């Protein structure tokens, strides 16, 4: 595969991932749909598209997955939706990304990995950015929503860790999406009194599941084998940036000084950990 095609596929995948934040925020802020219905439709439409793509692939077979990974996927999707009832697209994407990376780094430390001094400094910087973002103040995001989004990030980090070496990524993801659907259906039934699935909100949910999630993951998995692990981790730093720009230009959101400073600290700190980690591990 040519470098130009790899770069294009990578860019499209990153835009799709950022699109999940934009679509969810737009649906919950600008339409009448409730978070539980959004979660159910997103997972259902994602399961349909991913299952179809897995089946159409040469040598494709019945989608795999497991229930524990599906539970982590459901926890991510549900917390993500409910958090976006109050968070801006930019703040939500930044909190999500920071929590995912923190979970991955914490797992590495627990497994015996050691950080270089610059990596340790980057970790402290990133954690300081997260704390600074959620500290009380006029421009701070609502604490409950921020904690929900960080919970979503932890769940996605757990899901990603469980997916390592689990088999064909597309088929495994398709199977996990399918297993997460009944969990989302139970949540929607439990909250049926608050259900308000209007047409516009349903449309956003379908786009989030089918396009930003389903097609986005398929594109990412097509490019991933051609990317070095450090490159793959580093380029994902662009996701919160794309979401923030989309929030400003598409949703009319404001970028506060607090968010800008926190973004620089979180993304810069994570970049230090990832890039220095790619140069070899020091015990």
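Bear in mind these aren't lab numbers, they're just calculated from the coordinates by the rules spelled out. As the structure is a prediction and not an experimental result, all values here were calculated from the model. With ideal geometry, Cβ positions are generated from the backbone for all residues, glycine too; neighbour counts draw on all protein chains shown.
Remark: 127, 24 ranked as 127, 24, counting other beta-carbon atoms within 10 Å and listing the fewest first. Counting every other Cβ atom within 10 Å of each residue's Cβ, 42, 116 order from fewest to most as 116, 42. Using a simple spin-label model with pseudo-atoms 7 Å out from Cα toward Cβ, residue 186 and residue 147 lie 2.3 nm apart.
Could you list 168, 198, 34 so that the one with the fewest beta carbons within 10 Å of its beta carbon is first and the one with the most is last?
Ascending Cβ contact count within 10 Å gives the list 198, 168, 34.
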